[in-house]
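Note sheet for the following structure.
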Amino acid sequence: MTDRSRLTSALVLAFATASATSALAAPGDPPPGAAVPPPVKPAAPRADAPAPSPPPSAAPTEATPPAAAPAPATAAPAAPAAKHDDDDDDDDAKDAETSPTAPNEGAPAVVLKPKELSSPPAAPEQPNPNSIDDGQIGSHQTHFIVSIGWRQAFVKNAGLDPFSKDDSVPQFSLSAGRTLLASDKLSLVALALWDTGSMESTARGAKTSLVVNRLTLGAEGRYHIFRRFYAFGRVAPGALNWNATLADNAAGGERTANAWSFATDLSAGAAFEFAGDNRGHSTRPRAWVGFDGGYGFAGSSKVALEPADDASAPVRTQPLTFADLAVRGPFIRFSLNGTY
């Protein structure tokens, strides 16, 4: 074969290869924005260059069907797929950062539990208005008051000797009242008081007993040194009643005597609140302990014991007389007070 024939065969083979490559690349469009390379023109062979020998894969290339085309047909759409994969990778990275189970770099993993169903939160407990200290004196000063206590009087009187062994007159004390006026730390209280007690002894070989009741109405002036503590002075005029009894074994019955007399108590004392709210205008009860002492006046009365049942008494039974009785003298009293 001559050089001209070889050159012709090489040109035909190159043309056929280029045509086959163009035919395979035609179904796929180049990606958007991709530069299309200019067609490569084969260089003109030199006249003195030897004719190239056909490549070993030339024959199989011509026999390869268009469907088995290599990379150009499949490489073109690969760019969008890569971009999609990159976007997925970015999304996965963000999900991994925000995922509750993904551990953060340099920090322990935090596992968030699903929100548990629970009852609605209870309303916050409101403070009791009676427990708030308002700084006012309020019901520490103005209130109703009820008291129970014990009064012990010391009476040096000859008329008491037949009925008492130690010149003492113990009495149970009750009182109730209400604050009438209040100005700053001063207040005025009206009270009703009842003191009652009994004692026993012997006189002329016979058993004797004496019951004393003192009923008074008191006016009490107070001064609050501080809210829970006040001092007071009291004047309580009223009446005193005594009832004496003697068991007359000779007459076969009892002899009795009783009398009323004017009485007045003059005393001073103090009271301390040991239970109650700090709030001055609290509506809850308060508890106080009180003490007072003074002098109790009472009028003098004759003691003439007569038979209790005149029908059973012997004829011409004369009254049995003792010295005049005056239940008066100094006293002390302890009390437990409740206010409201």
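Listing for the model above:
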read-out	value
The range 143-339: mean projected area of Cα convex hull, nm²	12.3 nm²
Packing-based exposure ordering (other Cβ within 10 Å, fewest first) of F262, F331	F262, F331
Spatially close lysines, pair count over the range 143-339: Cα under 25 Å, gap of eight or more or interchain	6
Residue-wise HN-Hα coupling along the range 180-192, computed from phi with Karplus coefficients 6.51, -1.76, 1.60 (Hz; x: Gly, Pro)	9, 9, 8, 9, 6, 9, 9, 8, 10, 10, 9, 9, 10
Neighbour-count ranking [beta-carbon atoms within 10 angstrom, fewest first] of D324, D166	D166, D324
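Read the figures in this text as sums done on the coordinates, not as results from a lab. No experiment lies behind these values; they were computed from the predicted model shown. Glycine also receives a Cβ, built like all others from the backbone with ideal geometry; neighbour counts cover every protein chain displayed.
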